[in-house]
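Note sheet for the following structure.
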Amino acid sequence: AKAAGKNRFLRFHPDMMTALVQRTDMESALQLAVPRGQISVDFQPIVSHRMGQVVKFEALARWDRGGERIPPSIFIPLAERTGLINEIGAEVMALGMVQLAGWLSEDPSRSLSVNVSGVQLQDPDFAQGVLHLAEASGVAAYQLVLEVTESVFFDADCSLIKQLSSLRDAGARVALDDFGTGYSSLGRLQDLPVDTVKIDKSFVSMVRTGEERLPILSSMINMAHSLGLTVTAEGVETAAQADYLTALECDSLQGYLFSLPEPGERLDHALRRAEEA
Ligand code: C2E
Ligand code: CA
Ligand code: CA
Ligand code: CA
């Protein structure tokens, strides 16, 4: 009885109450974000080093809560906990495909990379939904990349593997996001249904002068290549990092050095200016 009393006291502590109110407040606002049209997508170019040009774009969700921008690091985890990620993820996918379809009329080699959370992959109709949307948007499956983190494979059931497999069978590609941050990465890589690894920016930031020896970076890239995977480095901020990674034969680079994530129409202008230059 004493323990229960203590618990009850803890549950109604004023600070906790405030936190709870703020959370449910944020949660109910997030519930209305899609219907109110507050979710938008920024796009960040991914530069292919072999072709020296932009062909791929990562879609990144943005939430404008009536003039206040809530960062994805806050609202994505909340959306995952509450299941709202299904609706938000579908909105990001739809907005992303509209933009990609527009780009494709100018440059058919372009493709779109979309972040997908493990929660979305639990939906047995996920793959079918993505493929239908692509077809309706005039986008081919091979023009799509789905980015998943290693954690989705952590307690992977066969339905999740089935979703990813049917997308890959249809021609879409799967990228392993934040590669290197999960502890079993290198060993399990050959068992995962992925086509690309995205080296986490924490590894890229180890390159400071470009003169250092970083065997961990070269091992990650060599290992991925030996398994037939392509490698993208994310969070590339300096020319030294870009040169270093290119020397290690990293296939694509992404980061503030090339572009911030931007709304599609603003990116169009920047790319056109770059082409004219
Ligand atoms: P992520 O998928 O690893 O995305 C890369 C993050 O790094 C983005 O942050 C991007 O803006 C940022 N970034 C890009 N270049 C640089 C750079 O050169 N330096 C540094 N320091 N950062 C860079 P953002 O947009 O805040 O997104 C954070 C995370 O939120 C994403 O990490 C992803 O895990 C999640 N997220 C964003 N949009 C979605 C979405 O539509 N669905 C899901 N499931 N997750 C999303
Ligand atoms: Ca990503
Ligand atoms: Ca990442
Ligand atoms: Ca991340």
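The values are calculated or read from the model by the stated rules, or taken from the named source; none is laboratory data. Please read all numbers here as calculations on a predicted model, not as lab measurements. Backbone-built Cβ (ideal geometry, glycine too); neighbour counts: all protein chains shown. Areas reflect the complete protein model, heavy atoms only, side chains present, ligands, DNA and RNA absent. Shrake-Rupley method; radii C 1.70, N 1.55, O 1.52, S 1.80 Å.
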With helices defined as uninterrupted DSSP H runs, which ones in the chain have an alpha carbon span along their own long axis of at least 24 Å and mean Kyte-Doolittle hydropathy of at least 1.0? 85-104
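Once you keep just the Cα pairs under 8 angstrom separated by 6 or more residues, what percentage relative contact order results for segment 114-226? The partial results should precede the final answer.
Working: 122 pairs, mean separation 26.3, N = 113.
It rounds to 23 percent for segment 114-226.
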Return an integer: the convex hull volume of the alpha-carbon atoms of the chain, in Å³ per residue. 178
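What percent does the relative contact order of the chain come to when contacts are Cα pairs within less than 8 Å and at least six residues apart? Before the final figure, lay out each step's value.
Details: 398 pairs, mean separation 46.0, N = 277.
Worked out over the chain, it gives 17 percent.
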Principal axis box of segment 9-124, alpha-carbon based, largest edge first, Å: 63, 29, 28
Percent carbon-and-sulfur accessible area, segment 125-226, ignoring ligands, DNA and RNA, probe 1.4 Å: 52
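Using a/c under 1.5 as the rounded threshold, could you call segment 84-130 rounded, prolate or oblate? The axes a ≥ b ≥ c are square roots of the C-alpha gyration tensor eigenvalues, and prolate needs a/b larger than b/c, oblate otherwise.
On the way: a/c = 2.80, a/b = 2.33, b/c = 1.20.
It comes out prolate by the Cα gyration axes.
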Mean residue ellipticity at 222 nm from the helices of the chain, using -39,500 (n - 2.57) per DSSP H segment of n ≥ 4 over the full residue count, to the nearest 500 deg cm²/dmol? -14500 deg cm²/dmol
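Using a 1.4 angstrom probe, figure out how much accessible area the chain has per residue, in square angstrom, rounded to the nearest whole.
Working: 14570 Å² over 277 residues.
Ligands and nucleic acids excluded, the figure is 53 Å² per residue.
First select every other residue whose beta carbon is under 10 angstrom from the beta carbon of E58; then total the charges, Lys and Arg +1, Asp and Glu -1. Walk me through the numbers before you get to the answer.
Details: positive: K56, K198; negative: D42, E147, D177, E234.
So the environment of E58 carries a net charge of -2.
In whole percent, what relative contact order does segment 154-206 give with Cα contacts below 8 Å and a gap of six or more residues? Walk me through the numbers on the way to the answer.
On the way: 41 pairs, mean separation 19.7, N = 53.
For segment 154-206, the relative contact order is 37 percent.
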For C158, the accessible surface traced by a 1.4 Å probe with all protein chains present amounts, in square angstrom to the nearest 10, to 110
Span from the segment 189-222 Cα centroid across to the segment 225-250 one, whole angstrom: 7
At 1.4 Å probe size, what's the solvent-accessible area of Y142? Round to the nearest 10 Å². 140
Find the centroid of the Cα atoms in segment 127-170 and in segment 50-108, then give the distance between the two in whole Å. 16
Which value in nm describes the separation of the simple spin-label points at A240 and S151, placed 7 Å from the Cα toward the beta carbon? 3.2
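With r as the distance between the Cβ atoms of S218 and L257 and R0 = 25 Å, compute the FRET efficiency 1/(1 + (r/R0)^6) and round to 0.05. Intermediate values should be presented prior to the final figure.
Working: r = 20 Å, r/R0 = 0.81.
Step by step, r from the Cβ atoms, then E = 0.80.
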When the chain is modelled as a GNM with alpha-carbon springs shorter than 10 Å, which of V114, V21, V145 fluctuates the most? V21
